[in-house]
2 protein chains.
Amino acid sequence: MTVRLTFNPYEITIEVPEGENLLRAASDAGIHINASCGGEGVCGKCKILLESGEVDTTRSGFLSDEAWNLGYRQACQCRLLSDVVIRVPPESLLDRRTLTRRRSGIALRPSPLDLNALKASGYYHPAFQKRFVSLSPPTLHDNVCDLSRLEQGLARQHALGTVTIDYFLLRKLAQVMREGNYQVTASLDYSRRRYRFPHMLNVEPGDTTQRHFALAVDIGTTTVWVQLVDLARGEILDHAADYNGQISYGDDVITRILFSQTDQGLQKLQRSAAASINQIMHRLLKRHHLPVEEISHFTLAANTTMTHLFYGLEPKYIRLAPYTPAACSIPLTRARDLGLDLPPHVFIYCVSSVSSYVGGDIVAGVLASGLFKDHRLTLYIDIGTNGEIVIGNEDWLACAACSAGPAFEGGGIRFGMRATSGAIEDASVNPDTYEPMIITIDMVKPKGICGSGLINLLAALMEANLIGPNGRFRDDLNTPRIRMGENGREYVLATAPDTQSGQDITLSESDVDNLMRAKAAMFAGYVTLLQNVGYTLQDLEQVILAGAFGNFINIENAITIGLLPDLPRERFQFVGNGSLQGATLLALSRELLAEERRVASMMTNFELSETPGFMNHYTAALFLPHTQMDLFPTVKERVQGRK
Amino acid sequence: MTVRLTFNPYEITIEVPEGENLLRAASDAGIHINASCGGEGVCGKCKILLESGEVDTTRSGFLSDEAWNLGYRQACQCRLLSDVVIRVPPESLLDRRTLTRRRSGIALRPSPLDLNALKASGYYHPAFQKRFVSLSPPTLHDNVCDLSRLEQGLARQHALGTVTIDYFLLRKLAQVMREGNYQVTASLDYSRRRYRFPHMLNVEPGDTTQRHFALAVDIGTTTVWVQLVDLARGEILDHAADYNGQISYGDDVITRILFSQTDQGLQKLQRSAAASINQIMHRLLKRHHLPVEEISHFTLAANTTMTHLFYGLEPKYIRLAPYTPAACSIPLTRARDLGLDLPPHVFIYCVSSVSSYVGGDIVAGVLASGLFKDHRLTLYIDIGTNGEIVIGNEDWLACAACSAGPAFEGGGIRFGMRATSGAIEDASVNPDTYEPMIITIDMVKPKGICGSGLINLLAALMEANLIGPNGRFRDDLNTPRIRMGENGREYVLATAPDTQSGQDITLSESDVDNLMRAKAAMFAGYVTLLQNVGYTLQDLEQVILAGAFGNFINIENAITIGLLPDLPRERFQFVGNGSLQGATLLALSRELLAEERRVASMMTNFELSETPGFMNHYTAALFLPHTQMDLFPTVKERVQGRK
């Protein structure tokens, strides 16, 4: 159920889900309403006038009897129950010209290779298949070994000539065949490209062809995601995530590589990643009452460092020039050899990496997004410390990692933080009063600013003309919101009484510098890559944003600050967690599994530091949005035209 | 150096190695000299007269000054230092007609597929090969992963296109490449029949192509043998053996299978076998100053039960009708997954079995003996509790196990024992005085009788006409050597003062019955098998005796009692421990490794209890040598003609 929400005096109407929070809805619509406490309701600034319609709300001390009776409400405390009309009061009001189109209406689009598409296209053949066989019991005249009996059954009933056998299956074969009264189900792996024959990994008593599950895992530097897949039905049953336990040894890949060089360091990191997967997996299995024995297949995608750490491979040379990983393709590995609580028939299928900083997570995303099968010239971006970019189409792929630094993950920013409860994720600034509207995750008092919040805030400061193209705050304004701090001028986003820590939350020019460097590295990365393959930004027919972070980026704001190219908005799409999606699709499609290594080897890696033009492009991009404003025509028109 | 030894008054001369013991030499020549203490020198009965030549001896209290000066010596105390002539004194003398040709002069013949033959025939390509590669170090313009660099080097320098990779190799790859300054040696396995490509298992810094070793192992029910093979030079360096540690859980396969069904029983047996291999292996490696890392290859042969117990497979149904093993072919298994102290690059290559009672030890023997490439109709026999027989040639092979029972291993025989120190291994009986000549292992006081001793003794009793074709002792003789015992009549082989235990050592009619049943089972086995494939005994062009026991069997005596067929003696040959030989050859020849499973599947198994004719043949063979004396013409002529 959606309801209509109209903002007066702008006469702007949007549709939102029933029950939506009014402050969030305003933010999504690009309507500014002063709000300093992130949505917790304790600053009392986000008052609006309810003109018609019904909201669920509570009354706080900030509203006098008179105001309440007139229809004033705190926007952050209202949930919409019907079509509603509100009026933004004068103190929050801003010039209509400065209204921004906020969300671009770009929904998360499933991959062109999603489940339904896979099934429809005949591309859907899980690498693991179960075969039920009905055997006759042995007699003195037919007493071949249990294994031969099973192989003969597979040959006769499923036209399976030779199969190869996993040793561990033999340990239980005699018992399983008798327990099943010679009615058994064999699990066969058709994915082993370098084997001549299907590989038999498991055997179960009775007909278990309908009980057949896979786990798809994405080991992120911060978060581990596990998806539970029903192979018999071709459905994603559930997923769960948690922090990567390695976090206690370091926040980013570099500190973890350094830690791996300490005594037992690599082993600790390896065990820690395995423990995280085990914990999430057990949670998922418990939720679905699945015994671990019913897991047949395990696919994995991760960046190159995470892959090395999980497999216990030496990661040292990833960090040192000339940046060589030990291995980009990892052969099948028995899950329990890596400390996973899985039965011996489960092997790990890991998506290949391309280079030290373009990992299996990106290859998985390229697979999941269908980019490698798309004729359109596409830019695939995963924004993070090492923003990875891929450019190409079905015929060729080029890729690179941009050392963007941790700014978009909150690193190097005084009040930067991860996207957890209390992080300011949305912000706008009233260009007349310089008052902010901030919304935090969970709508509690703010603690800091997360990556998407930083992008939104920086764009808002530009839109409000508080900050110049060089990243310096204006010094000609008489407002307590801009002041000199320890690191140059700073904008006060929330004052002490409204914050969790009881200290002001600010964004300084030093923070802005860091953000500019990060976005310049990304921008210079894809411009350089395009240039080196003979294209320009305008040639891009499609831009795919990947990564958990990608989902929360406001495209419009990201273009405003010069992080994303200023292209027609319909060319953008989100792919979500491409790494996890890719791993899941691999679990479901043996055809895709067979293409995985080919796709990775298709991806020509560029070391940007060695690539002509990169430094120039980087320097040129150290402006907001860019030194060459013509590269950002819509921003030029809107932001700069306004001055 | 050999010396000539002449026995008077028989005027028989033989050649023996210098230093040979005189009593043993006499026994080998078929000359009877009374001897009751096994050769320890404490019965004083084996006196002979030294007519000429030089011996190394000591004088005991049994020889008076006069006797010593006349030239009397104790045969068991003499070692031959020159050509020697002796005279057998009257008390040991027997009728020349009763002299038997003892040793048939059949030496242990190496396999037609022995090392030199392998090399000469071009059949010698170890499955494991090392390849040295010289790589250029990575630069920023060429920073592919270490694995790709190595693969490219193998492709360019050794024309090796695709190789598959073992995961564990990756764990050390980065370090090894740098330690070797990008000069490394890769170990490749060419044996994996079901892989498309060679499989890379190990990588070492520098050029290690000349350091390349294999272990070949035979797990016998009683003894574990390990052979150390130098793959670089194609040489057997050494071997060592020890008891199978499982012995503490039971002497034979059946008691071990029963033990495996107790709590943790299978696990204990598995660990115990692994521990035995580890112990012998470490001893061998230490002796040759070899680090365990230089072992590349591991081949194994064992009977079906030992294979199941070592691999931890359920052995229960081997024992129960219809006698189905869990698996006859075991896939490659990482050695350390089975508890062997070997690095992760070592996999175990196990020779396939045929059925529950025709195991990989027999298949290995068929490979080692070259039977599967021989056009001659051949009988291959491994005598033991389950005497295994194979009949066939290069075109077809039939096999069966005969439940001979443990008599030939000393089981079910009152004074039966294993072939260890103090076991009577050779015996003859003076047909006039009924006095025995016994020789023990290590020539110490007798403790009991081992398998070969039992065969020799039974033949001697027949030759001396002390026992009839029905296995009963004559009751018409007035001699203390034959008396009534608890189990019918018995022959007294050694009296209490001459034995280790201080009690008489005897062979009773009950013991003889057990021996007859054992030899009848073997004989009926190969006669039945021959009949079922349309042949008779006379068609056999070759008889190969295998097994450690086989080496000690006196062919002539084994024919005399009806255990072996009465064929021209030149058709017999020994192959020694065929199981160990086969395992060793597999380590050295990938061609043979590739044929191993084919040969096993060529071998058609007969369950004798279900095979027409077996029971009749068995019953007919419960005589000495057989109810149909015409089947044993030379025995008929010699033994029976004498009566």
* Asked: What strands (runs of 3 or more DSSP E), lying completely within region A:1-83, carry at least 3 residues that are aliphatic (A, V, I, L, M) and touching a residue at least 24 places away in the same chain (Cβ under 8 Å)?
  -> A:47-52
* Structure fact -> Picked from region A:348-371 (must be more than 11 Å from every other protein chain (Cβ to nearest Cβ) and among the hydroxyl-bearing types (Ser, Thr, Tyr)), the residue farthest from A:Leu309 (Cα to Cα) is A:Ser369
* Which residues, counting only those in region A:367-380, are modelled with pLDDT under 95 and either under 24 Å from A:Thr299 (Cβ atoms) or under 13 Å from the mean Cα position of the chain (by Cα) (or both)? -> A:Leu367, A:Ala368, A:Ser369, A:Gly370, A:Leu371, A:Phe372, A:Lys373, A:Asp374
* Asked: In region B:177-205, what residues are surrounded by fewer than 20 Cβ atoms within 10 Å (Cβ to Cβ), within 9 Å of chain A (Cβ to nearest Cβ) and over 38 Å from the mean Cα position of the chain (by Cα)?
  -> B:Arg178
* To do: Could you check, for region A:332-341, whether at least one of its residues is surrounded by 23 or more Cβ atoms within 10 Å (Cβ to Cβ) and part of a loop (DSSP other than H, G, I, E, B)?
  => yes
* **Selection from region A:206-223 of residues that are touching a helix residue (DSSP H, G or I) at 6+ places or on another chain (Cβ under 8 Å) and either among the charged types (D, E, K, R) or within 14 Å of chain B (Cβ to nearest Cβ) (or both)** => A:Arg211, A:Asp218
* Asked: Has region A:151-169 got at least one residue that is touching a His at 6+ places or on another chain (Cβ under 7 Å), at pLDDT below 95 and more than 14 Å from every other protein chain (Cβ to nearest Cβ)?
  -> no
* To do: Would you check if B:Glu570 is among the acidic types (Asp, Glu), surrounded by fewer than 22 Cβ atoms within 10 Å (Cβ to Cβ) and over 30 Å from B:Pro431 (Cβ atoms)?
  => no
* To do: Keeping to region A:290-322, report how many residues are surrounded by 20 or more Cβ atoms within 10 Å (Cβ to Cβ) and part of a loop (DSSP other than H, G, I, E, B).
  => 5
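Let's see how each residue does on (1) modelled with pLDDT under 90; (2) under 29 Å from B:Asn465 (Cβ atoms); (3) out of contact with any Gly (no Cβ under 8 Å at 6 or more places or on another chain):
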{"residue": "B:Pro17", "(1), (2), (3)": "no, no, yes"}
{"residue": "B:Glu20", "(1), (2), (3)": "no, no, yes"}
{"residue": "B:Gly41", "(1), (2), (3)": "yes, no, yes"}
{"residue": "B:Leu49", "(1), (2), (3)": "no, yes, no"}
{"residue": "B:Arg59", "(1), (2), (3)": "yes, no, yes"}
{"residue": "B:Gln74", "(1), (2), (3)": "no, yes, no"}
{"residue": "B:Gln77", "(1), (2), (3)": "no, no, no"}
{"residue": "B:Pro89", "(1), (2), (3)": "yes, yes, yes"}
* Within the set of pairs 6+ apart or on separate chains, which have a first residue in region A:200-223 that is within 21 Å of A:Gly250 (Cα to Cα), a second that is of a type in the set (A, V, I, L, M) and in a loop (DSSP other than H, G, I, E, B), and C-beta atoms under 8 Å apart? -> A:Gly220/A:Ala548; A:Thr223/A:Ala548
* Asked: Quick one: in region B:230-262, which of the residues that are in contact with a Lys or Arg (Cβ under 8 Å, 6 or more places away or on another chain) and part of a loop (DSSP other than H, G, I, E, B) is surrounded by the fewest Cβ atoms within 10 Å (Cβ to Cβ)?
  -> B:Gln261
* Asked: What pairs can you find where one residue is in region B:251-265 and under 13 Å from B:Tyr317 (Cα atoms), the other is of a type in the set (Ser, Thr, Tyr) and part of a loop (DSSP other than H, G, I, E, B), and their Cβ atoms are less than 6 Å apart, with a gap of 6+ or different chains?
  -> B:Val253/B:Thr221
* Asked: B:Lys286 fails exactly one of the following numbered conditions: (1) surrounded by fewer than 17 Cβ atoms within 10 Å (Cβ to Cβ); (2) within 14 Å of chain A (Cβ to nearest Cβ). What is the number of that condition?
  -> (2)
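Test B:His282 against the stated conditions and say whether it is farther than 27 Å from B:Glu394 by Cα and either of a type in the set (A, V, I, L, M) or part of a helix (DSSP H, G or I) (or both). Please lay out each step first, then the result.
Values: farther than 27 Å from B:Glu394 by Cα: yes; either of a type in the set (A, V, I, L, M) or part of a helix (DSSP H, G or I) (or both): yes.
Yes: the conditions hold for B:His282.
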* Structure fact -> The condition from (1) modelled with pLDDT of 95 or more; (2) in contact with a Lys or Arg (Cβ under 6 Å, 6 or more places away or on another chain) that B:Val512 misses is numbered (2)
* Could you list all residues from region B:573-591 that are more than 17 Å from B:Phe347 (Cβ to Cβ), of a type in the set (A, V, I, L, M, F, W, C) and surrounded by 24 or more Cβ atoms within 10 Å (Cβ to Cβ)? => B:Val575, B:Leu580, B:Leu585
* Restricting region B:61-72 to residues that are aromatic (Phe, Trp, Tyr) and either modelled with pLDDT of 90 or more or closer than 23 Å to B:Ala423 by Cβ (or both), which is surrounded by the fewest Cβ atoms within 10 Å (Cβ to Cβ)? -> B:Trp68
* Structure fact -> Picked from region A:134-146 (must be within 10 Å of another protein chain (Cβ to nearest Cβ) and out of contact with any helix residue (DSSP H, G or I) (no Cβ under 6 Å at 6 or more places or on another chain)), the residue surrounded by the most Cβ atoms within 10 Å (Cβ to Cβ) is A:Cys145
* Asked: What do you reckon, is A:Asn386 in the same structural domain as A:Tyr618 (by TED's automatic domain parsing) and in contact with a His (Cβ under 6 Å, 6 or more places away or on another chain)?
  -> no
* If you take the residues in region A:342-391 that are surrounded by fewer than 24 Cβ atoms within 10 Å (Cβ to Cβ) and among the charged types (D, E, K, R), which one is nearest to B:Val144 (Cα to Cα)? -> A:Lys373
* Structure fact -> The number of residues in region A:398-425 that are of a type outside the set (A, V, I, L, M, F, W, C) and not in a loop (DSSP other than H, G, I, E, B) is 5
* Determine whether A:Ala174 is crowded, with 22+ Cβ neighbours inside 10 Å and without any contact (Cβ under 8 Å) to a residue 40 or more places away in the chain. => yes
* To do: Select, from B:Tyr380, B:Tyr434, the only residue that is in a strand (DSSP E or B) and either hydroxyl-bearing (Ser, Thr, Tyr) or assigned by TED's automatic domain parsing to the domain that holds B:Thr304 (or both).
  => B:Tyr380
* For region A:607-623, name all the residues that are in contact with a helix residue (DSSP H, G or I) (Cβ under 6 Å, 6 or more places away or on another chain) and modelled with pLDDT under 95. => A:Leu608, A:Thr611, A:Gly613
* To do: Inspect region A:469-486 for any residue being at pLDDT 90 or above, within 27 Å of the chain's Cα centre (by Cα) and of a type in the set (A, V, I, L, M, F, W, C) and give the result as yes or no.
  => no
* **For B:Ser355: the one exception among (1) assigned by TED's automatic domain parsing to the domain that holds B:Ile280; (2) modelled with pLDDT of 95 or more; (3) assigned to a loop (DSSP other than H, G, I, E, B)** => (1)
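The values are calculated or read from the model by the stated rules, or taken from the named source; none is laboratory data. Not measured: the values here are computed from a predicted model. Glycine also receives a Cβ, built like all others from the backbone with ideal geometry; neighbour counts cover every protein chain displayed.
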